[in-house]
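The values are calculated or read from the model by the stated rules, or taken from the named source; none is laboratory data. This is a predicted model, so every value here is computed, not measured. Counting neighbours? That spans all protein chains shown, and the Cβs are built from the backbone with ideal geometry, glycine included.
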Amino acid sequence: MVEPVGNQYVVARPVYSENSFGEEHTKVQRYHKTFLDHLRVCFRCSPQKAKNIATGLLPITSWLPAYRVKDWLLSDFVSGLSTGLVAVLQGLAFALLVYVRPGYGLYAAFFPVIGYFFFGTSRHISVGPFPVLSIMVGEVVMKLVDEESLESTLTTSTALDDEKIQVAATVSLLAGIFQLLLGALQVGFVIIYLSQSLISGFTTAAAIHVVVSQLKFILQLPVTGCKEPLSIFCQITKTNIADLVTALIILVIVFVVKEINERYKAKLPVPIPIELFVTVIATGISYACNFKERFQVDVIGQLEKGFKPPVQLDMRVFQSCVGDAFSIAIVGFAVAFSVAKVYSVKYDYPINGNQELIAFGLSNIFCGAFSGFAASTSLSRSGVQESTGGKTQVAGLLSAVIVLIVILAIGFLLEPLQKSVLAALALGNLKGMLMQFKEIGVLWKKDKYDCMIWIVTFLCTVILGLAIGLGVSIGFELLTIVFRTQFPKCTLLANVGRSNIYKNRKDYVDIYEPEGVKIFSCPAPIFFANIDFFQEKLITAVGFNPLRVLRKRNKALRKIRKMLKKGELQMTPKSFICTVNGLNDSDEELDNNKIEELDQPTNMADLPFQIDWNAELPPNITVPRIDVHSLILDFAAVSFFDVSALRVLKETLKDFVRVDVDVYIVGAQEGFLDKLERCAFFDEEIKPSMFFISIHDAVLHILVKKNGACSPKFKPMKEMGSSDHYIINTNGELRNRAYTMPTETKF
């Protein structure tokens with residue numbers, strides 16, 4: 001019964017062990033589904049299930065019929081127009097990261113949008129090139145395409161460009177296949193292994209790679225790829241000043257306007273499309289002043305109209321880029337799903353991780369087959385689509401139409417644009433990623449493990465490259481989880497405030513600890529990797545090793561039996577009397593004589609008296625004294641045990657029981673007792689009666705059992721009118737750290 005009294009409550013109930021609670025409160029017998037039951041449900045067919053599967057695999061069939069033309073079409077049109085213009089510029093800019101001609105970036109901005117329109121579940125993300133994925137594909141291109149050897153054997157650069165395009169398209173198609181397979185196998189949960197700290201550190205390191213890779217375009221240096229960034233500084237004297245000045249001006253303008261967009265986003269109806277403005281102005285100036293001829297700047301050049309036929313796949317490339325393609329697939333999905341989840345929460349609609357994998361897989365397969373490269377979602381482009389009023393993926397489809405117009409009709413207008421302008425635009429879009437360095441200080445204050453994950457991810461990705469760095473970072477992240485569970489912060493608990501609350505005894509002043517009782521808490525699962533650590537911490541907490549004490553007692557019993565047999569020892573009501581000065585047998589001889597018996601329970605049935613191991617013993621016999629009679633193990637935070645841990649736990653508990661320490665386990669998870677029954681955990685020494693509902697139940701049980709039986713100054717008294725409720729007089733039996741406890745405390 002619970003009675004509220006102001007802001008306090010009074011609980012009156014019996015002291016419950018698990019057994020007594022089960023006897024008083026009948027559990028509902030539930031049927032737990034087997035694997036076969038799940039299979040039957042999975043393969044059961046009905047019209048409704050068929051409809052759900054169809055709409056799940058093709059989400060457009062669920063939202064397009066409900067499209068509000070009058071309310072949404074104008075907003076989607078404006079959003080699609082703005083997003084399409086940004087997608088054109090980012091496609092051209094991010095193509096430089098892949099080391100292919102800028103025109104192929106338009107394919108990456110067009111084909112994935114079409115696939116996602118039919119199969120995606122997010123209404124607001126803008127699918128297309130993403131700088132991190134582009135640089136990852138670019139690394140594969142530079143790894144598999146040897147520019148120097150090809151340039152020496154080929155008469156034109158066309159074959160070299162075709163080789164790069166084939167590699168980029170192949171790795172993108174393979175990444176799409178991986179995404180499609182992961183989605184079909186319903187393993188979209190892999191995203192949970194990429195924490196926010198890891199993604200932040202990885203994208204920041206990728207931004208550094210992007211900066212290094214774009215320096216050659218800003219400075220217009222003849223550097224082959226990004227394998228040797230130091231060669232950029234070796235050739236710094238060959239910098240094209242016109243390209244450098246143009247890029248710096250563009251960078252300053254872009255950074256300033258983006259800062260204005262960020263500060264005044266609440267007042268601006270739409271973000272200022274600065275990329276569009278500077279592109280138009282830069283193209284016009286370059287064309288009017290003939291920069292290509294006057295300053296020998298590198299321009300986009302001819303943009304081919306129309307689309308390329310499907311690429312011819314090279315199995316050699318397939319075999320060489322499996323690991324890279326898998327990394328690209330995971331990173332692309334992780335970034336896209338993170339952004340999609342933000343918008344789904346904001347606008348309250350569901351997204352499906354497995355369907356997102358299928359959507360991006362099909363989009364990248366489609367894109368790779370037609371000479372594009374891997375796509376995800378750009379944060380800035382998605383922000384434009386959402387902030388300009390985009391309601392559905394109709395805005396995405398309209399943005400693809402804008403890209404299509406550029407591909408088929410007006411692409412030639414961008415031919416005079418300098419590549420250094422595109423490189424500056426690519427760097428301008430990295431502002432948010434580079435600002436993530438500020439997270440280091442924040443994470444250090446919040447969680448040092450997360451901070452270490454960020455730093456290790458950043459350093460590994462910068463030094464080892466994107467693909468290998470990602471793998472090492474995930475391994476380190478999982479290692480931190482193993483470290484936290486393998487070395488949990490085990491603590492001793494004490495009663496706080498004379499109530500039923502038990503906390504770490506080191507954290508509070510007003511604590512009370514029953515004499516002879518230790519309360520040990522472990523806040524982690526116990527399994528094969530940390531059971532030895534748990535055992536070590538438990539022994540340290542209680543202050544003695546029960547197995548060593550047991551062996552000492554059995555050695556002492558052997559000596560006492562031998563002395564009694566020889567008549568060298570006599571027993572008086574108060575103590576032992578030894579008639580000799582020393583013993584002939586050494587400890588080593590006793591150890592080697594039936595040593596396996598030392599681990600068995602002490603047996604004093606054949607002795608004419610019972611030995612009190614804490615009292616005075618015969619001379620030359622030393623046994624450690626134990627001031628603990630009860631041990632409570634708090635397993636409320638222990639989520640699971642494995643078989644190896646249970647075996648060691650059982651032996652440890654037996655050792656405590658054999659040295660006369662009663663063990664109680666509290667707060668065990670639901671089903672834990674059933675598992676112990678299946679594992680044959682219980683026997684004559686380890687019994688189900690040691691399990692209690694809570695720490696306080698176990699403490700009250702110990703006080704009534706121990707002190708009520710053997711201590712006249714600690715006597716439990718029944719309350720009037722109650723049968724199982726006690727007022728515990730704690731005078732002399734609870735010790736407090738700060739001041740003397742009152743005579744009576746009602747639990």
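Things to note:
- In segment 555-579, the residues that are in the same structural domain as ASP612 (by TED's automatic domain parsing) and surrounded by 12 or more Cβ atoms within 10 Å (Cβ to Cβ) reach residues that are modelled with pLDDT of 75 or more and in a helix (DSSP H, G or I) with C-beta atoms within less than 6 angstrom, at least six apart or across chains, in these pairs: LEU569/MET563.
- Considering (1) surrounded by fewer than 19 Cβ atoms within 10 Å (Cβ to Cβ); (2) among the β-branched types (Val, Ile, Thr); (3) modelled with pLDDT of 85 or more; (4) under 22 Å from the mean Cα position of the chain (by Cα), the lone condition that VAL345 does not fulfil carries the number (3).
- If you go through segment 32-57 and pick out every residue that is surrounded by 14 or more Cβ atoms within 10 Å (Cβ to Cβ) and outside any helix (DSSP H, G or I), you end up with 0.
- Scanning segment 364-380 for residues that are among the aromatic types (Phe, Trp, Tyr), over 23 Å from ALA207 (Cβ atoms) and either in a loop (DSSP other than H, G, I, E, B) or touching a His at 6+ places or on another chain (Cβ under 6 Å) (or both) returns a single hit, PHE370.
- Taking segment 100-122 as the range and being assigned to a loop (DSSP other than H, G, I, E, B) and in contact with an Asp or Glu (Cβ under 9 Å, 6 or more places away or on another chain) as the test, the residues that pass are VAL100, ARG101, GLY120, THR121, SER122.
For every residue, the table says whether it meets (1) at pLDDT 85 or above; (2) assigned by TED's automatic domain parsing to the domain that holds TYR343; (3) buried (at least 17 other Cβ atoms within 10 Å of the Cβ).
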{"residue": "VAL394", "(1), (2), (3)": "yes, yes, yes"}
{"residue": "SER399", "(1), (2), (3)": "yes, yes, yes"}
{"residue": "ILE405", "(1), (2), (3)": "yes, yes, no"}
{"residue": "LEU425", "(1), (2), (3)": "no, yes, yes"}
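- Within segment 416-451, tally of residues that are closer than 30 Å to THR480 by Cβ and out of contact with any Lys or Arg (no Cβ under 8 Å at 6 or more places or on another chain): 20
- Residues that are surrounded by 14 or more Cβ atoms within 10 Å (Cβ to Cβ) and modelled with pLDDT of 85 or more within segment 225-254 comprise ALA242, ASP243, LEU244, THR246, ALA247, ILE249, ILE250, LEU251, ILE253, VAL254, listed in sequence order.
- For beta carbons closer than 8 Å, sequence separation of 6+ or different chains, a first residue in segment 342-356 that is outside any helix (DSSP H, G or I) and a second that is surrounded by 17 or more Cβ atoms within 10 Å (Cβ to Cβ) and aliphatic (A, V, I, L, M), the qualifying pairs are ILE351/ALA340.
- Only residues that are among the polar types (S, T, N, Q) and farther than 30 Å from GLN166 by Cβ were counted across segment 256-282, and they come to 1.
- Matching option when the condition is assigned by TED's automatic domain parsing to the domain that holds THR204, part of a helix (DSSP H, G or I), buried (at least 24 other Cβ atoms within 10 Å of the Cβ) and not β-branched (Val, Ile, Thr), among GLY361, GLY383: GLY361
- Among residues of segment 95-116 that are farther than 14 Å from VAL311 by Cβ and outside the structural domain of ALA423 (by TED's automatic domain parsing), none has a beta-carbon under 6 Å from a residue that is modelled with pLDDT under 90 and of a type in the set (Ser, Thr, Tyr) at least six positions away or on a different chain.
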